[in-house]
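Participant: Structure in structure tokens, see below.
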Amino acid sequence: LTFEDYAPDELVDIFKSMCKNDGYLLGDGCDIYLKDYFTYVYDNRDDTFANGREVRNYFEKVKVRQANRLVLMDDLSDDELMTLEISDLQEEEK
């Protein structure tokens with residue numbers, strides 16, 4: 001069986017669904033960033049491209065980056081705790 005790869009918009013929808021299921025909100029500009037990110041990932045995919053697993057792995061990294069950002073802050077509101085910012089979405093330079 002061969003399954004077609006998800007298109008960038010579908011990858012964004014999967015990511016947003018994961019956010020919703022875990023109670024996360026997306027901050028300003030995140031929609032545009034996600035579209036650009038998943039378009040890049042899709043356009044540069046190879047034979048090992050993992051479709052939904054690719055999104056899951058990225059989502060887990062985003063949550064770690066958000067936690068690392070929030071640990072430096074005091075007196076966080078519920079919205080701050082549950083909002084993902086663009087800096088959380090950005091991959092580290094290698």
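Participant: For the chain, taking Cα atoms only, what is the radius of gyration to one decimal and the Dmax to the nearest whole Å?
Facilitator: 14.1, 52
Participant: Cα-based Rg of segment 27-80 per 2.2 N^0.38 Å, rounded to two decimals?
Facilitator: 1.43
Participant: So, taking all protein chains as they sit and a 1.4 Å probe, how much accessible area belongs to Ile14, in Å² rounded to tens?
Facilitator: 40
Participant: Normalising by the residue count of the chain, find the relative contact order in percent from Cα pairs under 8 Å and 6+ residues apart.
Facilitator: That works out to 44 percent.
The values are calculated or read from the model by the stated rules, or taken from the named source; none is laboratory data. On a predicted model such as this, the values are computed, not experimentally measured, just so you know. These area figures cover heavy atoms from the full protein model, side chains too; ligands, DNA and RNA do not enter into them. Shrake-Rupley method; radii C 1.70, N 1.55, O 1.52, S 1.80 Å.
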